[in-house]
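Nothing in this text is a laboratory measurement; each read-out follows from the coordinates by a stated rule. What you are looking at is a predicted structure, and each value in this text was computed from that prediction instead of being measured. Cβ atoms come from the backbone with ideal geometry, glycine included; neighbour counts cover every protein chain shown.
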Ligand code: CP
Ligand code: NVA
């Protein structure tokens with residue numbers, strides 16, 4: 001593994017290696033065992049979109065690994081004034097040991113990887129959010145003891161979270177049902193990946209997707225960059241694409257709930273369900289730290 005660009009690039013074995021190392025790093029942190037595996041290394045963190053979890057967990061994680069993380073606002077880089085990605089990649093490769101980037105277009109992340117010669121980590125694009133899904137898989141395995149055979153139901157927009165969850169879960173031998181409105185389906189690359197797989201089921205009906213699920217997942221109706229579509233999306237999603245008590249009743253007893261956050265309570269998830277499953281949801285947030293430390297060690301350790 002040279003980069004983490006999208007879930008489609010990872011093998012099942014690579015995912016298992018990341019999750020195993022994440023569990024080990026979580027144990028070491030909990031027991032005060034120092035693990036300075038990236039001492040002397042620098043990670044650049046380019047952000048063209050807002051972030052709470054990604055920024056802080058990468059920064060704290062790099063510190064815990066003995067390295068340094070630099071916050072680079074995309075608005076302040078020369079890239080924002082037209083410096084080509086291929087030149088930025090070659091310059092940053094001379095200073096840094098790795099780059100984490102959160103941006104809009106997946107192609108920008110792929111181009112950084114193509115033109116630079118240091119590991120690139122995708123911290124979210126419109127297409128994918130692999131760091132989040134690795135933390136989700138870690139959390140599900142932690143709570144359920146295994147992944148294979150479990151059924152995950154995703155109810156919401158066919159966005160970066162849907163795309164990454166579908167691919168990540170199918171690679172891990174899970175079953176996935178997705179309920180998305182017409183016109184808001186997962187991206188074609190992902191539908192192509194899942195095509196013909198009996199473990200994947202796409203519908204417009206949330207209740208149908210939730211039947212017998214072990215994990216229910218949702219995300220915001222309008223993602224970052226879709227602020228202009230907020231009102232239109234409210235009309236499409238409201239009342240139909242929400243994790244609520246009715247949806248939970250259709251799932252398996254003891255079904256867990258995951259949300260990458262930030263949540264819009266009262267929209268894609270009710271206050272009641274969110275608070276009843278807060279432990280699992282904040283475990284998921286915490287696991288961003290451990291999963292990303294594992295990714296950084298695997299990509300940046302000498
Ligand atoms: N889940 C997630 O990526 O959160 P941030 O947008 O706060 O980084
Ligand atoms: N789909 C959301 C995820 C945020 C972590 C977005 O892209 O804004």
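Residue order for 192, 23, fewest other beta carbons within 10 angstrom first, comes to 192, 23. Taking other C-beta atoms within 10 angstrom as a stand-in for reagent exposure, 204, 88 fall in the order 204, 88, fewest first. In percent, rounded to a whole number, the relative contact order of segment 171-221 is 44, using alpha-carbon pairs under 8 Å and six or more apart. The C-alpha radius of gyration of segment 111-254, expressed as a fraction of 2.2 N^0.38 Å, stands at 1.07.
Using a 10 Å cut-off around each Cβ, can you sort 10, 146, 77 from fewest to most neighbouring Cβ atoms?
Numbers: 10 21, 146 11, 77 15.
Least crowded to most crowded, the residues run 146, 77, 10.
Checking the a/c ratio against 1.5 first, then a/b against b/c, what shape does the Cα gyration tensor give for segment 1-85? It comes out oblate by the Cα gyration axes.
What's the Kirkwood radius of segment 141-187 in Å, using all Cα pairs? Intermediate values should be presented prior to the final figure.
Working: mean 1/r = 0.0907 Å⁻¹.
With all distinct Cα pairs of segment 141-187 included, I get 11.0 Å.
What separates the Cα centres of segment 267-296 and segment 12-58 is a distance of 16 Å. Please check: in the Gaussian network model of the chain (C-alpha springs, under 10 Å), which one of 28, 132, 68 has the largest mean-square fluctuation. Evaluated over the chain, the most mobile residue of the options is 28.
Remark: relative contact order (segment 53-127) = 27 percent; criterion is Cα-Cα distance under 8 angstrom and separation of 6 or more residues.
Normalising the average separation of contacting C-alpha pairs (under 8 angstrom, six or more residues apart) by the number of residues puts the relative contact order of segment 146-302 at 22 percent. Per-residue ellipticity at 222 nm from helix content only, as computed over the chain with -39500 (n - 2.57) for each DSSP H run of at least four residues, stands at -13500 deg cm²/dmol.
Do me a favour and compute the ellipsoid semi-axes for segment 240-302 from its Cα gyration tensor, root of five times each eigenvalue, largest one first, whole Å.
Values: eigenvalues 183, 30, 18 Å².
Whole-Å semi-axes of the equivalent ellipsoid: 30, 12, 10.
Looking at the square roots a ≥ b ≥ c of the eigenvalues of the Cα gyration tensor of segment 170-218, which shape do they give, rounded for a/c under 1.5, prolate if a/b is larger than b/c, or oblate?
Here segment 170-218 falls in the oblate category.
Which residue, 107, 64, 226, has the most motion in a Gaussian network model of the chain that connects Cα atoms within less than 10 Å? Of 107, 64, 226, the Gaussian network model singles out 226 as fluctuating most.
Relative to the longest principal axis of the Cα atoms of the chain, the long axis of helix 12-30 lies at roughly 80 degrees.
Projected over all directions and averaged, the alpha-carbon convex hull of the chain occupies 14.9 nm².
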